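Heads up, the thing below is written out as structure tokens.
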Amino acid sequence: MAGHKILVIDDSKVIRVRVQEMLPQGNFTVIEAKDGQEGLKFIVKERPNLIMLDFLLPKVTGWEVFQKIQSDSKLKKIPLVLMSGRKEEVTDKIPEPFNKHYFAFLEKPFEKKELTAAIKSAFDLAKRRPPEQVDAGSGGSSEDIQALQAQVKKMQAEIVALKKQMTQLVTIVKQKLK
């Protein structure tokens with residue numbers, strides 16, 4: 001992990017320093033951001049290998065930072081550890097289990113063992129993230145196209161059958177009205 005950049009976004013200097021002290025010496029470059037706004041700038045500028053994000057932040061909240069990360073296909077590939085002293089704040093926005101959302105959760109206060117486990121989990125979850133879905137306009141594999149064509153054909157057949165049924169219904173209603 002030598003040469004990896006870790007971005008710690010937390011309004012608490014104590015937490016930022018604590019993370020840096022708990023990491024193995026010399027293996028990481030730790031970049032610190034004191035609020036969500038500064039964190040977003042560092043994410044784009046530094047392209048860290050790991051983001052540790054406090055959920056309750058000034059200026060731009062951790063929830064807003066999380067949403068911006070998730071909306072960018074390149075950024076959402078970065079392993080993420082969400083941190084909070086109030087787990088219920090996180091679960092109000094993102095339902096458990098968190099591992100379905102491709103990030104690790106670290107409850108404050110934490111010990112070195114918990115920090116290490118959360119970082120490992122974040123990297124494992126990021127590796128398991130499924131590839132991005134292909135936009136309809138960007139091509140797609142021939143298998144995807146064939147599957148879509150089969151669906152369209154099936155739907156067209158259903159539409160024809162529904163039109164026949166509607167015609168029969170209209171005929172019956174007209175006969176009853178005479």
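The values are calculated or read from the model by the stated rules, or taken from the named source; none is laboratory data. Since this is a predicted model, take the numbers as computed values, not measurements. Cβ coordinates were reconstructed from backbone atoms using ideal geometry, including for glycine residues, and neighbour counts include every protein chain displayed. When the accessible area is computed, the model is the full protein with side chains, heavy atoms only, and any ligands, DNA or RNA have been set aside. Shrake-Rupley method; radii C 1.70, N 1.55, O 1.52, S 1.80 Å.
Would a scan of the range 22-45 turn up a residue that is part of a strand (DSSP E or B), within 21 Å of the chain's Cα centre (by Cα) and not small (Gly, Ala, Ser)?
There is no residue in the range 22-45 that is part of a strand (DSSP E or B), within 21 Å of the chain's Cα centre (by Cα) and not small (Gly, Ala, Ser).
Within the range 72-96, how many residues are in a helix (DSSP H, G or I) and either among the hydrophobic types (A, V, I, L, M, F, W, C) or at pLDDT 85 or above (or both)?
3
Which condition number in (1) closer than 15 Å to Ile9 by Cα; (2) within 13 Å of the chain's Cα centre (by Cα) is the one that Ala122 fails?
(1) is the only condition that Ala122 fails.
Report every pair of residues separated by at least 6 positions or lying on different chains whose Cβ atoms are under 8 Å apart, first residue within the range 11-22 and of a type in the set (S, T, N, Q), second open to solvent by less than 20 Å² (accessible area, probe 1.4 Å).
Partner pairs satisfying both residue conditions: Ser12/Asp54; Gln20/Val8.
With the requirement that a residue be over 16 Å from Leu80 (Cβ atoms) and of a type in the set (Val, Ile, Thr), what does the range 16-51 give you?
Val17, Thr29
If Phe66 passes every condition in (1) at pLDDT below 90; (2) assigned to a loop (DSSP other than H, G, I, E, B); (3) crowded, with 17+ Cβ neighbours inside 10 Å but one, which one does it miss?
(2)
Please give the number of the condition Val152 fails out of (1) within 30 Å of the chain's Cα centre (by Cα); (2) open to solvent by less than 100 Å² (accessible area, probe 1.4 Å).
If we test Val152 against (1) within 30 Å of the chain's Cα centre (by Cα); (2) open to solvent by less than 100 Å² (accessible area, probe 1.4 Å), just (1) comes out false.
Could you tell me which of the residues Leu57, Leu50 is over 13 Å from the mean Cα position of the chain (by Cα) and either open to solvent by 40 Å² or more (accessible area, probe 1.4 Å) or modelled with pLDDT of 90 or more (or both)?
None of the other options fit; the residue is Leu50.
Which condition from (1) open to solvent by 50 Å² or more (accessible area, probe 1.4 Å); (2) touching a Lys or Arg at 6+ places or on another chain (Cβ under 8 Å); (3) not in a helix (DSSP H, G or I) is the one that Val8 breaks?
Of everything listed in (1) open to solvent by 50 Å² or more (accessible area, probe 1.4 Å); (2) touching a Lys or Arg at 6+ places or on another chain (Cβ under 8 Å); (3) not in a helix (DSSP H, G or I), Val8 misses just condition (1).
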